[in-house]
Amino acid sequence: MIVSTEKRDIRKLTLDELKTFFVEKGEKAFRAQQVYEWLWKKSAKDFSQMTNLSVQTRDMLNEHFTINHIQVDNMQRSEDGTIKNAVKLYDGLVVESVLIPTKDRITACVSSQVGCSLDCKFCATARLKRMRNLSPDEIYDQVVAIKQQAELFFNRPLTNIVFMGMGEPLLNYANVVEAINKITSPEGLNMASKRITLSTVGIAKMIKKMADDGVKFNLAVSLHDAINETRSAIMPINETNPLEELAEALKYWYKKTKRKVTYEYVVWKGINDTIEHVQALVKFCKHIPCKVNLIEYNPIDDGEFQQASPEAIQLYQSTLEKNGIVARIRKSRGKDIDAACGQLANKA
Ligand code: SAH
């Protein structure tokens, strides 16, 4: 018989499994509750921190388990206050997370996968390819690290979370939802779901699943174009998941949740900076109540994509507004440290 000597990651256990473990070891079940609180609410990185347990109990836990906590390996601060973290995972892989401070918010931008499989032509993360999904605790830990930085460097609480770091959250749906459940639960960080936004390329069947599951967080879709031919050329996912299917899924989402969707949209020179594309977007926006964030392009070295002229972006904004659709022009944050949208590629 081969007996594995490898220790288990204790945070893979549910509270009930932890209770069973303690009872099997002849201890009281309520110890599990104490340990669970240390692991999640207090984010303990080591069993020695669990000071309300006896030394014997801590040693016993140490014998059986590890705590695979993330490590912030490198922290860079931008001139505008933005902080980018290179986060090292237990197996040595690295993802990035970003703290974005504004006047009335501190937002954590977190990763959901190591790399990404989707190959969007304008995104630096796409060049890394997908290595693996992040586990719920690895997602949770990124939020904890940023919450601590918000308190330490800004003396302010973390207010918002966006899944706009590396990876496609809807291709790691179960783990993302489990992480959000922990983030919003009183046993975790007790944050409000309405402060959390999941950003996706718009995988239709997963949007429907989210609607069916009754999720309470917000949805943002990286649209970037509302004409199939152009969108497929810059976002290959659109070939198998065309705009018609996306629109149908969004209608389903709205019918079930009654919540507005945000479209993220970059205007590029020679790609989508003409009135034909503006009109296609206006038409797409009529499907369900929505708003549009016109986001600045963050160059990713080869120069194939270039930000459109201010006039082209203005044309988008004024045409959308004339049609009763809220459209905001969003400035990038943390550009000097490659922390802006689409620039996360472990360069530092
Ligand atoms: N996969 C998810 C989340 C990660 S990307 C998604 O696609 O939504 C987060 C946002 O950054 C998306 O809206 C994405 O389209 C945008 N983005 C990617 N590369 C960018 C770049 N170079 N400049 C500006 N935004 C970019």
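Tally up the carbon and sulfur contribution to the accessible surface of the range 71-337 as a whole percent, 1.4 Å probe, everything protein left in place.
Details: 5800 of 11540 Å².
Accessible surface attributable to carbon and sulfur in the range 71-337 totals 50 percent.
Once a ≥ b ≥ c are taken as the square roots of the eigenvalues of the Cα gyration tensor of the range 42-96, is the result rounded (a/c under 1.5), prolate (a/b larger than b/c) or oblate (a/b not larger than b/c)?
Values: a/c = 5.90, a/b = 2.27, b/c = 2.60.
It is oblate, given that a/c is not under 1.5 and a/b is not larger than b/c.
Tell me which lysines have Cα within less than 19 Å of Lys205's Cα, excluding those fewer than 8 residues away on the same chain?
Those lysines meeting the cut-off are Lys216, Lys251, Lys255, Lys256, Lys258, Lys260.
Quote the charge dipole size of the chain about the Cα centre in Debye, to the nearest 20; the model charges only the Cβ of Lys and Arg (+1) and of Asp and Glu (-1). Show your work: numbers first, answer last.
Values: 49 positive and 43 negative charges, 236 e Å.
For this selection, approximately 1140 debye.
Using Cα atoms only, what is the angle between the long axis of helix 204-213 and the major principal axis of the chain, expressed in degrees (0 to 90) to the nearest 10?
For 204-213 against the chain, the angle is about 50 degrees.
Per residue, how much accessible area does the chain have with a 1.4 Å probe, in Å²? List each step's numbers first, then the result.
Details: 16340 Å² over 348 residues.
Per residue, the chain has 47 Å² of solvent-accessible surface.
Roll a 1.4 Å probe over the protein heavy atoms and report the accessible area of Arg259 in Å², nearest 10.
60 Å²
Cα gyration tensor of the chain, axes a ≥ b ≥ c as square roots of the eigenvalues: rounded (a/c below 1.5), prolate (a/b > b/c) or oblate? Can you show the working numbers first?
Numbers: a/c = 2.17, a/b = 1.90, b/c = 1.14.
Prolate, since a/c reaches 1.5 and a/b exceeds b/c.
Just the accessible area for Tyr90, please: 1.4 Å probe, Å², rounded to the nearest 10?
Only protein atoms counted, so the area is about 140 Å².
Where does helix 173-184 land angle-wise versus the long Cα axis of the chain, in degrees 0 to 90, nearest 10?
In the chain, helix 173-184 runs at an angle near 70 degrees to the longest axis.
Leaving out ligands, DNA and RNA but keeping every protein chain, what accessible area does Thr57 have, in Å² rounded to the nearest 10, with a 1.4 Å probe?
Solvent-accessible area, nearest 10 Å²: 10 Å².
Using Cα atoms only, what is the angle between the long axis of helix 243-257 and the major principal axis of the chain, expressed in degrees (0 to 90) to the nearest 10?
Orientation of helix 243-257: about 60 degrees from the principal axis.
The values are calculated or read from the model by the stated rules, or taken from the named source; none is laboratory data. Because the structure is predicted, anything quoted here is derived from the model rather than measured. All Cβ positions, even for glycine, are placed from backbone atoms using ideal geometry, and neighbour counts span all protein chains on display. For accessibility, only protein heavy atoms count, side chains too; no ligands or nucleic acids. Shrake-Rupley method; radii C 1.70, N 1.55, O 1.52, S 1.80 Å.
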